[in-house]
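The values are calculated or read from the model by the stated rules, or taken from the named source; none is laboratory data. Values in this document were obtained by computation on a predicted structure and should not be read as measured data. Cβ atoms come from the backbone with ideal geometry, glycine included; neighbour counts cover every protein chain shown.
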Amino acid sequence: MAKILMEKMADEKGVYVNVRSRGIVANPMDGISRGTYAVLLKEGIDSSFHQAKLLEEEDMEWADRVYTMTQSQSVTLKAKYFQQEEKIQPLGTSDVPDPFGGRLEIYEATYDVIKEHLENILEEIKGE
């Protein structure tokens, strides 16, 4: 959800970003969840193409910044990729709730949280 939303928001604001979505625990055979698909579709965003991918060393080397959904994910990644820990930070000051398997309202609430955090990040990028 965050990758697709970031691309849309950056495009609307005229900010160039190149974004990847990776998981710490992901099944590469999985597509986007039904709830995420439904929420993004309500916003006019087609996400049917998305496929889950695991985070790899090459992704860490490629990235200028790595955002995680939770504080604990940041800690985990910093321990594993300690040479690149300065790139890693949570998306916001509070954890983004994981809506997986929940009702549509939970996905919508997660969308709102992610959108707010991404707006802050885009403002930061524009200021650089």
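Residues checked against (1) in contact with a helix residue (DSSP H, G or I) (Cβ under 8 Å, 6 or more places away or on another chain); (2) touching a residue at least 60 places away in the same chain (Cβ under 8 Å); (3) surrounded by 12 or more Cβ atoms within 10 Å (Cβ to Cβ):
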{"position": "Lys78", "(1), (2), (3)": "yes, no, yes"}
{"position": "Gln83", "(1), (2), (3)": "no, no, no"}
{"position": "Val113", "(1), (2), (3)": "no, no, yes"}
{"position": "Ile121", "(1), (2), (3)": "yes, yes, yes"}
{"position": "Lys126", "(1), (2), (3)": "yes, yes, no"}
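Could you tell me whether region 22-30 includes any residue that is touching a Leu at 6+ places or on another chain (Cβ under 7 Å), of a type in the set (Lys, Arg) and within 23 Å of Gly92 (Cβ to Cβ)? Before the answer, list the steps.
Looking only at region 22-30, we keep the residues that are touching a Leu at 6+ places or on another chain (Cβ under 7 Å), and these are 22-24, 26, 28.
When the remaining residues are screened for being of a type in the set (Lys, Arg), the result is 22.
Going one step further and asking which of them are within 23 Å of Gly92 (Cβ to Cβ), we end up with 22.
So far as region 22-30 goes, yes, one or more of its residues are touching a Leu at 6+ places or on another chain (Cβ under 7 Å), of a type in the set (Lys, Arg) and within 23 Å of Gly92 (Cβ to Cβ).
Here is a list of conditions, (1) more than 17 Å from Asn18 (Cα to Cα); (2) charged (D, E, K, R); (3) free of Cβ contacts under 8 Å to residues at least 24 places away in the same chain, and Glu61 meets all of them except one; can you say which number that is?
Of everything listed in (1) more than 17 Å from Asn18 (Cα to Cα); (2) charged (D, E, K, R); (3) free of Cβ contacts under 8 Å to residues at least 24 places away in the same chain, Glu61 misses just condition (1).
Condition first: in contact with a helix residue (DSSP H, G or I) (Cβ under 9 Å, 6 or more places away or on another chain) and closer than 14 Å to Ser47 by Cα. Now tell me which residues in region 21-33 satisfy that. Before you say what the answer is, go through the steps one by one.
Here is the first cut: in region 21-33, the ones in contact with a helix residue (DSSP H, G or I) (Cβ under 9 Å, 6 or more places away or on another chain) are 21-22, 24, 31-33.
Selection gives Ser21, Gly31, Ile32, Ser33.
Do you know which residues across region 85-111 are in contact (Cβ under 8 Å) with a residue 12 or more places away in the chain and in contact with a Lys or Arg (Cβ under 6 Å, 6 or more places away or on another chain)?
Lys87, Ile88
Checking Leu77 against (1) out of contact with any Leu (no Cβ under 8 Å at 6 or more places or on another chain); (2) closer than 24 Å to Leu122 by Cα; (3) at pLDDT 95 or above, which single condition isn't satisfied?
(1)
Which fully enclosed helices (runs of 4 or more DSSP H) of region 30-128 have 3 or more residues being over 12 Å from Ala2 (Cβ atoms) and polar (S, T, N, Q)? Let's see the steps before the verdict.
On the way: elements: 34-42, 57-62, 71-80, 104-126.
Correct list: 71-80.
Can you find even one residue in region 39-62 that is touching a Pro at 6+ places or on another chain (Cβ under 8 Å), under 21 Å from Asn120 (Cα atoms), among the aliphatic types (A, V, I, L, M) and buried (at least 16 other Cβ atoms within 10 Å of the Cβ)?
First, the residues of region 39-62 that are touching a Pro at 6+ places or on another chain (Cβ under 8 Å): 51-54.
Now narrow it down to the ones that are under 21 Å from Asn120 (Cα atoms): none.
No, the conditions are met nowhere in region 39-62.
In region 23-46, how many are closer than 20 Å to Asp64 by Cα and either modelled with pLDDT of 95 or more or among the small types (Gly, Ala, Ser) (or both)? Steps first, answer last, please.
Initial filter on region 23-46 (closer than 20 Å to Asp64 by Cα): 23-24.
Add one more test, that the residue is either modelled with pLDDT of 95 or more or among the small types (Gly, Ala, Ser) (or both), and what stays is 23.
Count: 1.
When only residues in region 85-111 that are among the hydrophobic types (A, V, I, L, M, F, W, C), in contact with a helix residue (DSSP H, G or I) (Cβ under 7 Å, 6 or more places away or on another chain) and more than 18 Å from Glu56 (Cα to Cα) count, which is surrounded by the fewest Cβ atoms within 10 Å (Cβ to Cβ)?
First, the residues of region 85-111 that are among the hydrophobic types (A, V, I, L, M, F, W, C): 88, 91, 96, 100, 104, 106, 109.
Subset that is in contact with a helix residue (DSSP H, G or I) (Cβ under 7 Å, 6 or more places away or on another chain): 88, 91, 96, 104.
Filter again for more than 18 Å from Glu56 (Cα to Cα), leaving 91, 96, 104.
Working: Leu91: 22, Val96: 20, Leu104: 13.
Ranking the candidates gives Leu104 first.
What is the one condition in (1) exposed (fewer than 14 other Cβ atoms within 10 Å of the Cβ); (2) in contact with a strand residue (DSSP E or B) (Cβ under 7 Å, 6 or more places away or on another chain); (3) within 14 Å of Ala2 (Cα to Cα) that Arg20 does not satisfy?
(2)
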